[in-house]
Amino acid sequence: MAFLTWSRDFEMGIPEMDEQHKKWLDLLNAFYIHIGNDDFQERMVELIDGVLSYTKYHFSEEEALMASINYPAIGEQRSMHGDIVKRIEEFKTKAGEGKLIISMPLTAELKKWFKEHILIEDMKYAQYLKENR
Ligand SMILES: [Fe+2]
Ligand SMILES: [Fe+2]
(Lines give C-alpha, C1' and ligand atoms only; values in the text may rest on other atoms or scores of the structure.)
(Ligands and ions follow the chains in the order given, each with its own letter.)
Protein backbone atom coordinates (compact mmCIF):
# COMPACT_ATOMS: atom_id res chain seq x y z
CA MET A 1 0.00 0.00 0.00
CA ALA A 2 1.46 3.27 -1.01
CA PHE A 3 -1.10 6.01 -1.32
CA LEU A 4 -3.68 6.40 1.33
CA THR A 5 -6.71 7.42 -0.62
CA TRP A 6 -9.36 9.64 0.78
CA SER A 7 -12.60 7.89 1.42
CA ARG A 8 -15.96 9.01 2.68
CA ASP A 9 -15.27 7.10 5.88
CA PHE A 10 -12.97 9.96 6.85
CA GLU A 11 -15.66 12.58 6.40
CA MET A 12 -16.82 14.14 9.61
CA GLY A 13 -19.32 16.54 8.10
CA ILE A 14 -17.34 19.60 9.22
CA PRO A 15 -16.25 21.09 5.88
CA GLU A 16 -13.16 23.06 7.04
CA MET A 17 -11.81 20.10 9.01
CA ASP A 18 -12.56 17.62 6.23
CA GLU A 19 -10.72 19.88 3.78
CA GLN A 20 -7.74 20.09 6.11
CA HIS A 21 -7.63 16.33 6.55
CA LYS A 22 -7.70 15.91 2.77
CA LYS A 23 -4.91 18.41 2.30
CA TRP A 24 -2.88 16.65 4.98
CA LEU A 25 -3.29 13.38 3.14
CA ASP A 26 -2.13 15.01 -0.11
CA LEU A 27 1.04 16.20 1.61
CA LEU A 28 1.73 12.72 2.87
CA ASN A 29 1.03 11.17 -0.50
CA ALA A 30 3.51 13.61 -2.06
CA PHE A 31 6.26 11.37 -0.68
CA TYR A 32 5.26 8.69 -3.13
CA ILE A 33 5.30 11.07 -6.05
CA HIS A 34 8.91 11.98 -5.35
CA ILE A 35 10.18 8.60 -4.29
CA GLY A 36 12.69 7.19 -6.75
CA ASN A 37 13.70 10.67 -7.96
CA ASP A 38 17.44 11.38 -7.80
CA ASP A 39 16.97 14.29 -5.46
CA PHE A 40 14.58 12.46 -3.18
CA GLN A 41 17.00 12.29 -0.28
CA GLU A 42 17.57 16.06 -0.38
CA ARG A 43 13.91 16.80 -0.83
CA MET A 44 12.86 14.61 2.04
CA VAL A 45 13.60 17.21 4.71
CA GLU A 46 11.54 19.70 2.73
CA LEU A 47 8.67 17.21 2.39
CA ILE A 48 8.72 16.36 6.07
CA ASP A 49 8.82 20.02 6.90
CA GLY A 50 5.72 20.59 4.77
CA VAL A 51 3.90 17.83 6.62
CA LEU A 52 5.11 19.20 9.95
CA SER A 53 3.96 22.76 9.43
CA TYR A 54 0.60 21.73 8.01
CA THR A 55 0.09 19.30 10.86
CA LYS A 56 0.74 22.07 13.39
CA TYR A 57 -1.61 24.38 11.53
CA HIS A 58 -4.37 21.78 11.41
CA PHE A 59 -4.01 20.94 15.10
CA SER A 60 -4.19 24.57 16.14
CA GLU A 61 -7.33 25.07 14.04
CA GLU A 62 -8.86 21.89 15.37
CA GLU A 63 -8.06 22.73 18.98
CA ALA A 64 -9.53 26.21 18.54
CA LEU A 65 -12.72 24.63 17.24
CA MET A 66 -12.80 22.23 20.18
CA ALA A 67 -12.27 25.08 22.63
CA SER A 68 -15.10 27.05 21.03
CA ILE A 69 -17.55 24.21 21.62
CA ASN A 70 -16.17 23.35 25.08
CA TYR A 71 -15.26 19.87 23.93
CA PRO A 72 -14.57 17.91 27.14
CA ALA A 73 -11.78 15.70 25.73
CA ILE A 74 -9.72 18.59 24.37
CA GLY A 75 -6.88 17.73 26.75
CA GLU A 76 -6.56 14.22 25.36
CA GLN A 77 -6.61 15.56 21.81
CA ARG A 78 -3.91 18.11 22.70
CA SER A 79 -1.62 15.45 24.11
CA MET A 80 -2.13 13.08 21.15
CA HIS A 81 -1.45 15.96 18.77
CA GLY A 82 1.67 16.87 20.74
CA ASP A 83 2.98 13.32 20.58
CA ILE A 84 2.69 12.97 16.84
CA VAL A 85 4.23 16.40 16.26
CA LYS A 86 7.21 15.22 18.31
CA ARG A 87 7.49 12.09 16.14
CA ILE A 88 7.46 14.12 12.95
CA GLU A 89 10.14 16.40 14.40
CA GLU A 90 12.26 13.35 15.21
CA PHE A 91 11.90 12.12 11.63
CA LYS A 92 12.87 15.55 10.36
CA THR A 93 16.00 15.57 12.49
CA LYS A 94 16.95 12.08 11.29
CA ALA A 95 16.37 13.04 7.69
CA GLY A 96 18.47 16.18 8.19
CA GLU A 97 21.32 14.06 9.52
CA GLY A 98 21.02 11.73 6.56
CA LYS A 99 19.98 8.88 8.83
CA LEU A 100 16.55 8.40 7.35
CA ILE A 101 17.36 6.53 4.18
CA ILE A 102 13.89 5.85 2.99
CA SER A 103 10.73 7.48 4.14
CA MET A 104 8.71 4.29 4.53
CA PRO A 105 8.78 4.09 8.33
CA LEU A 106 7.69 7.70 8.48
CA THR A 107 4.85 7.46 6.02
CA ALA A 108 3.66 4.11 7.35
CA GLU A 109 3.52 5.46 10.87
CA LEU A 110 1.82 8.67 9.86
CA LYS A 111 -0.75 6.92 7.68
CA LYS A 112 -1.64 4.59 10.50
CA TRP A 113 -1.85 7.44 12.97
CA PHE A 114 -3.93 9.56 10.63
CA LYS A 115 -6.41 6.81 9.94
CA GLU A 116 -6.89 5.85 13.55
CA HIS A 117 -6.92 9.40 14.86
CA ILE A 118 -9.59 10.62 12.46
CA LEU A 119 -11.73 7.52 12.55
CA ILE A 120 -11.72 7.26 16.33
CA GLU A 121 -10.71 10.51 18.02
CA ASP A 122 -11.73 13.25 15.61
CA MET A 123 -15.04 11.51 14.99
CA LYS A 124 -15.78 11.89 18.69
CA TYR A 125 -15.59 15.68 18.62
CA ALA A 126 -17.57 15.73 15.37
CA GLN A 127 -20.25 13.73 17.12
CA TYR A 128 -20.09 16.04 20.13
CA LEU A 129 -20.48 19.03 17.85
CA LYS A 130 -23.54 17.49 16.21
CA GLU A 131 -25.15 16.78 19.54
CA ASN A 132 -24.40 20.15 21.07
CA ARG A 133 -24.98 22.50 18.20
FE1 LIG B 1 -7.30 15.63 16.10
FE1 LIG C 1 -7.79 16.22 12.75
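Things to note:
- Leu106 being within 16 Å of ligand 1 (Cβ to nearest atom), in contact (Cβ under 8 Å) with a residue 12 or more places away in the chain and open to solvent by less than 40 Å² (accessible area, probe 1.4 Å): no
Let's see how each residue does on (1) in contact with an Asp or Glu (Cβ under 7 Å, 6 or more places away or on another chain); (2) within 14 Å of ligand 1 (Cβ to nearest atom); (3) within 24 Å of Pro105 (Cβ to Cβ); (4) in contact (Cβ under 8 Å) with a residue 24 or more places away in the chain:
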| site | (1), (2), (3), (4) |
| --- | --- |
| Pro15 | no, no, no, no |
| Glu19 | no, no, no, no |
| Leu28 | no, no, yes, yes |
| Leu47 | no, no, yes, yes |
| Phe59 | no, yes, yes, yes |
| Glu63 | no, yes, no, no |
| Val85 | no, yes, yes, yes |
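- Of all residues in segment 119-133 being open to solvent by less than 10 Å² (accessible area, probe 1.4 Å) and either more than 17 Å from Lys56 (Cβ to Cβ) or in contact with a strand residue (DSSP E or B) (Cβ under 6 Å, 6 or more places away or on another chain) (or both), the one that is nearest to ligand 1 (Cβ to nearest atom): Tyr125
- Test: residue in segment 75-91 that is out of contact with any His (no Cβ under 6 Å at 6 or more places or on another chain), of a type in the set (S, T, N, Q) and within 11 Å of ligand 2 (Cβ to nearest atom): yes
- Segment 1-48, residues that are surrounded by 15 or more Cβ atoms within 10 Å (Cβ to Cβ) and among the charged types (D, E, K, R): Glu11, Asp18, Arg43
- Search result, residues across segment 54-90 that are open to solvent by 80 Å² or more (accessible area, probe 1.4 Å), closer than 18 Å to Lys115 by Cα and acidic (Asp, Glu): Glu76, Asp83
The values are calculated or read from the model by the stated rules, or taken from the named source; none is laboratory data. For clarity, every value in this text was computed on a predicted model and none was experimentally measured. Backbone-built Cβ (ideal geometry, glycine too); neighbour counts: all protein chains shown. Note: areas computed on protein heavy atoms with side chains; ligands, DNA, RNA excluded. Shrake-Rupley method; radii C 1.70, N 1.55, O 1.52, S 1.80 Å.
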